[in-house]
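Following: one structure in structure tokens, then a few remarks.
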Amino acid sequence: MPQHENVAAANEGTLFSERQWGLAVSTRAQAQRESTTAVKFDKGDSWEKELMQSYEGDQWILSNAEKGEQKGGLWFVKKKLYIPAILRTKILHRFHDNQSAGHMGITKTTKTIAKHCWWPGMRKDIKNYVTQCDDCAMNKSRGGKPMGLLQPVAEPTRPWECVAMDFVGELPVSKGHRYIWTVLDLFSKQAHFIALAKLPSAEKLAELYINHIYKLHGCPSRVVSDRGVQFTAKFWRKFLEMLGAERSLSSAFHPMTNGAVERTQQTLGQFLRIYSNMRQNDWSKWLAFAELAFNSTIHSATNKTPFEVVYGYEIQPLPQLPRWAENEEVGAGKWKAQMLECWGQVTASLKEAHKKYKTFADRKRMEGDKLEKGDLVWLSTQNIKLGLPSKKLGPKFIGPFRIQDVINEVTFQLFLPKSLGKIHPVFHRSLLKKYMGTLDKMDT
């Protein structure tokens, strides 16, 4: 790869670009013929002769001759052929890599070899060999739960400190509008739904933010979004820097980072499906009602309505019903104390809600192997176009690629070759698999 000068690191990019797609695709048969480590067994007497020669000087035979039995010049242990240390790699290649072996897993390979052969530490050697097999790593799906436990996106302590946003569309034309811009406060859960004629440029998005959000709620400390072109543009980044806000983009192919907005949009979709006409061309007139309904409903995470958290009192969407009247102190001091108390309660509720979400989500996930800066990993091809005739016959993983930076416990930035194009190099842990081969070992 261009980022590494040593030979072993250079092979990281070669493994992807030359053996898998597009640039110089070669068949597995060609790769095996070209491989300098390919092993071929001689048949008949030649193979037996090689075995007999390998027994000479074998340390295990010299130390444990009484445990074996020699027959026809070959050594057997419990009626199974003893394989000397010098030939074990060849045997592993024959029973794992060969076309008739089929690159089976650890258990099946062990059972196949154990039918005919034996040597001390055989199971451990088979496990290490299969685990380090690059062909298996590239072409086999990783079973079990997805890796990467749930992590908090933001931990705000006041309304409109952390903001998340996304777009809905393209929708049927409604009064000239085709899209909905959803902006959500991650503390109070207050949302704004703005109808748009088209997806805005970064410059237009900044103008919209000032006219619809900034004038009402001021500057946020952090803005969370997906990787839409509007949010990745330099202008938008400069605009947020001018406001003093941090930009937080979701990792590549992992929209769950912006999950709070996704759930808000699900609720919005339910509302519009119920109230829109059959031609679906009047949805824009219902956005104001959807916003009022959403913001006046108690949210499960805060146990309060967004209006109460932001303004300190309930907004009445319908004529107010009679209430029990109490003599309460009224004034700015009392209101401020109530607001601070409310925000403290919301902060505690959000932490408790996240704890419950994490407990529930982590049941379906696993932590996985710990990854550090400089480690080599395989990258899932789940969301990557390989340029092959059929993705079903393409590799499940490509690489290995080196970790350039650790963003957090489940997000990593990789060194990627230019041949991959304009793919954002930051990925979630669930799309990565730790490299177990010998590339780094050859470098040392």
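Data table
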{"quantity": "Enumeration of residues in the range 386-435 that are out of contact with any strand residue (DSSP E or B) (no Cβ under 9 Å at 6 or more places or on another chain) and of a type in the set (A, V, I, L, M, F, W, C)", "calculated": "LEU388, LEU393"}
{"quantity": "Residue among LYS418, LYS422, LYS370, LYS391 that is under 24 Å from CYS133 (Cα atoms), outside the structural domain of ASP125 (by the TED database), over 16 Å from the mean Cα position of the chain (by Cα) and surrounded by fewer than 17 Cβ atoms within 10 Å (Cβ to Cβ)", "calculated": "LYS391"}
{"quantity": "Members of the range 289-317 that are in contact (Cβ under 8 Å) with a residue 40 or more places away in the chain, closer than 22 Å to ALA195 by Cα and among the hydrophobic types (A, V, I, L, M, F, W, C)", "calculated": "ALA290, PHE294, PHE307"}
{"quantity": "Odd one out for LYS304, checked against (1) surrounded by 13 or more Cβ atoms within 10 Å (Cβ to Cβ); (2) in a loop (DSSP other than H, G, I, E, B); (3) in the same structural domain as GLY169 (by the TED database)", "calculated": "(3)"}
{"quantity": "The one condition in (1) out of contact with any Asp or Glu (no Cβ under 8 Å at 6 or more places or on another chain); (2) polar (S, T, N, Q); (3) at pLDDT 80 or above that THR359 fails to fulfil", "calculated": "(3)"}
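The values are calculated or read from the model by the stated rules, or taken from the named source; none is laboratory data. As the structure is a prediction and not an experimental result, all values here were calculated from the model. We place every Cβ from the backbone using ideal geometry, glycine too, and count neighbours over all the protein chains shown.
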